[in-house]
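Accompanying notes for the structure given below.
The values are calculated or read from the model by the stated rules, or taken from the named source; none is laboratory data. These figures come from a predicted structure and were not determined experimentally. Positions of Cβ are backbone-derived with ideal geometry, glycine not excepted, and every protein chain shown enters the neighbour counts. Remember, those area values only see protein heavy atoms, side chains included, never the ligands or the DNA or RNA. Shrake-Rupley method; radii C 1.70, N 1.55, O 1.52, S 1.80 Å.
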Amino acid sequence: MINLDVESFFQDFHLKGKETNAYMTDQLKLRNNFIMSAVKTGYGDVEGNITHRHLAFWERRSKHVGAVIFEPFYLDKHVRELPTQIGIDTDDKIPGHKKLVETVRKNGAKAIAHLNHPGRMANPNIPGNYLLSASEIPCPNGGKTPRSLTIQEIHGVQRLFTEAAIRSEKAGYDAIELQFGLGYLIAQFISPVSNLRTDHYGGSLENRMRFGLEILRAIKSSISLPVIIRVSGDEKYAGGLGPDQVAEIVKMLENEDVAALHITSGDVCMSPPWYYQHHFIPKGATWQIAKSIKAETRLPIIAVGQITEKEDIETIIGNKYSDYIAIGRALIADPDFVGKCIGADVGNIRPCSSCLTGCLGRIKVGKGLQCEINPEVGRETEQFFPAAASKKFAVIGGGMAGMQAAITLKQRGHTVEIFEKSELGGQFLLAPLPSNKGSLQKQIEYFKTEISDIPVIKKKAEADDLLGKYDEIVIATGSKPFIPEIAGLNNYSWAEILYQKNIPTGRKVLIIGGGLIGVEVANTLSDNNNEVIIIEMMDEIARDMEMVSRKLNLGQLQRKRIPVHTKCTVENFTGGSAKIRNLTDNSVFEINSIDLVVIAAGMRSDRQLFEKINTKIPVHIVGDAEKPGDVVSAIQSAFFTCREL
């Protein structure tokens with residue numbers, strides 16, 4: 001174990017000459033080697049201005065890191081990734097950027113501007129956007145065909161980068177980060193898969209690098225700021241750039257006096273799980289890529305990717321994987337993550353499980369960056385006050401909403417007791433059970449630790465337990481599976497079939513319902529050597545899944561050749577046979593030799609206790625008991641309701 005107090009951190013980890021380029025350390029003078037990596041927020045306005053939400057978000061997360069790399073700034077309003085992305089395309093935005101720089105500098109952190117052009121990955125749904133690339137090759141995973149840049153247009157795009165860099169220096173940024181990786185425009189020129197040009201910007205690696213290197217040189221000749229290059233050390237798809245090609249790219253960059261290499265992995269188009277560092281991706285795989293590159297270059301290396309626990313930092317430091325550590329989502333979940341790791345702050349670390357549900361998932365539906373486990377993300381401007389008078393509350397239900405409710409009520413100054421008839425965690429106890437989702441267990445353990453000093457009464461709460469004994473009640477009784485009425489259906493399971501003691505092997509299983517639960521049950525049961533069939537009445541499955549998880553799970557279903565019957569319903573069961581009706585053409589077919597049936601047809605709020613006591617005592621209802629949804633909604637419901645009690 002490595003001692004991560006601040007002094008030993010510098011002794012063990014800070015750059016120490018050798019033949020490494022200490023330029024980054026000398027120029028930036030970071031107080032430590034932690035950098036917050038770029039995360040998209042979606043907190044801006046349609047004009048690309050910096051808002052109070054931006055300032056509050058990064059102010060909260062800059063207290064312990066050495067520097068903050070802000071979200072990608074767009075260079076032209078017609079090539080945005082998000083409608084509410086921050087822009088640096090015009091001089092009138094410089095004052096807003098100055099405020100952003102000043103905000104993190106007050107906390108002792110340096111400010112780094114991240115400049116990127118998405119190319120063919122610009123958002124086609126934003127009015128006025130256009131898609132450009134090295135060649136007219138769309139993203140094979142569902143993108144529109146971009147227009148190939150002419151030589152004149154190439155020079156125009158290069159000027160956009162240079163002008164943005166000049167604005168960054170005028171705004172007071174301490175460094176620039178240029179995006180050479182992850183499948184964006186410069187990477188589209190570097191990749192032989194997306195660059196089929198026959199002029200001097202295509203063909204050989206030297207030619208394909210020309211576009212990016214000309215941008216880098218133009219920036220360095222125009223400003224005095226250090227420039228960091230972000231590059232995918234391995235693009236992680238067939239035909240993409242791998243370690244050998246990237247080694248050649250690194251050698252080219254060594255001759256350009258860059259400040260550091262920020263080593264990531266993946267491609268936003270071709271390998272999204274690696275790009276997003278989803279929990280399906282093995283933790284540490286991207287650090288190993290950084291370590292391999294570090295061994296072959298004198299340039300300082302920044303490691304990134306699923307660095308979500310103190311032990312991850314100890315591993316990176318102890319094995320000398322990199323010179324700097326970039327952290328993104330762990331600082332979303334817990335703004336004091338770095339401070340707690342190095343002993344500058346106290347408390348339990350609120351864990352990121354790399355689920356993408358609150359961050360990517362909420363951005364994709366236009367709600368801006370949120371977090372599955374931290375309800376205050378994006379609402380840092382709102383203040384939390386103690387209650388005017390202390391009351392005695394009973395929280396009914398010890399699931400995620402119930403535990404968050406109890407924590408918030410206690411923070412408000414109330415006396416709290418929890419009623420939970422079984423195990424703390426509620427239905428979320430099932431969340432870590434599907435294949436590749438074990439990291440979600442950390443969230444349950446975090447909440448259990450946080451409520452360890454709150455009494456838990458191990459019984460089902462009845463009206464007599466509550467009336468006359470508490471001032472107010474919070475109902476967090478969750479939801480129950482909806483069981484459709486199907487003739488002959490007598491024995492069935494729900495998601496509890498995923499508990500280790502319940503998982504069958506070698507059985508034929510019919511799953512009724514193809515939402516998140518049904519699909520994850522199907523994949524997990526298939527992994528345990530069961531024959532699985534899904535019946536879904538809608539025209540598609542996994543509609544309620546976050547985007548990356550959905551693609552991964554659907555890909556698994558396809559690879560395993562799991563039969564999926566959409567727009568179908570089960571009419572009846574006779575013995576081990578099910579009669580299925582196709583809702584499109586009204587035809588009927590049978591599935592025979594069924595051993596087990598799993599019902600995953602949705603959830604219904606459990607309001608039985610609420611209805612018994614609602615008129616007799618002040619009652620507040622939160623989480624799935626209010627409205628079935630995901631855990632993000634449940635935790636937010638509990639927090640924001642109880643914050644006002």
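Listing for the model above:
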| read-out | value |
| --- | --- |
| Number of positions in the range 416-454 that are under 26 Å from Gly518 (Cα atoms), among the hydroxyl-bearing types (Ser, Thr, Tyr) and open to solvent by less than 60 Å² (accessible area, probe 1.4 Å) | 2 |
| Condition check for Ile88: within 30 Å of Gly339 (Cα to Cα), crowded, with 24+ Cβ neighbours inside 10 Å and in contact with a Ser or Thr (Cβ under 8 Å, 6 or more places away or on another chain) | no |
| Hey, Lys627 touching a residue at least 24 places away in the same chain (Cβ under 8 Å), touching a helix residue (DSSP H, G or I) at 6+ places or on another chain (Cβ under 8 Å), surrounded by fewer than 21 Cβ atoms within 10 Å (Cβ to Cβ) and not acidic (Asp, Glu) or not | no |
| Hits in the range 349-405 - residues which are under 22 Å from Ala461 (Cβ atoms) and without any contact (Cβ under 8 Å) to a residue 40 or more places away in the chain | Ser390 |
| Residues within the range 318-334 that are without any contact (Cβ under 8 Å) to a residue 60 or more places away in the chain, within 21 Å of Pro375 (Cβ to Cβ) and not hydrophobic (A, V, I, L, M, F, W, C), tallied | 1 |
| Qualifying positions in the range 335-348 - in contact (Cβ under 8 Å) with a residue 12 or more places away in the chain and open to solvent by 10 Å² or more (accessible area, probe 1.4 Å) | Pro335, Asp336, Lys340, Ile342, Gly343, Ala344, Asp345, Asn348 |
| Candidates Ser168, Ser232, Ser194, Ser204 - the one that is open to solvent by 10 Å² or more (accessible area, probe 1.4 Å), at negative phi and hydroxyl-bearing (Ser, Thr, Tyr) | Ser204 |
| Sole exception among (1) surrounded by 19 or more Cβ atoms within 10 Å (Cβ to Cβ); (2) among the small types (Gly, Ala, Ser); (3) in a loop (DSSP other than H, G, I, E, B) for Ser549, by number | (3) |
| Residue check for Ser549: in contact (Cβ under 8 Å) with a residue 60 or more places away in the chain and of a type in the set (Ser, Thr, Tyr) | yes |
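Condition check ((1) β-branched (Val, Ile, Thr); (2) buried (at least 18 other Cβ atoms within 10 Å of the Cβ); (3) in contact (Cβ under 8 Å) with a residue 24 or more places away in the chain; (4) out of contact with any strand residue (DSSP E or B) (no Cβ under 6 Å at 6 or more places or on another chain)) across all residues:
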| site | (1), (2), (3), (4) |
| --- | --- |
| Asn530 | no, yes, yes, no |
| Ile534 | yes, yes, yes, no |
| Met545 | no, yes, yes, yes |
| Pro563 | no, no, yes, no |
| Thr566 | yes, no, yes, no |
| Asn572 | no, no, yes, no |
| Ser577 | no, no, no, no |
| Asn592 | no, no, no, no |
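Here's the yes/no breakdown for (1) out of contact with any Leu (no Cβ under 9 Å at 6 or more places or on another chain); (2) modelled with pLDDT under 95; (3) farther than 21 Å from His262 by Cβ:
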site	(1), (2), (3)
Tyr74	no, no, no
Val79	no, no, yes
Ile86	no, no, no
Asp91	yes, no, yes
Ile94	yes, no, yes
Ala109	no, no, no
His117	no, no, no
Ala122	no, no, yes
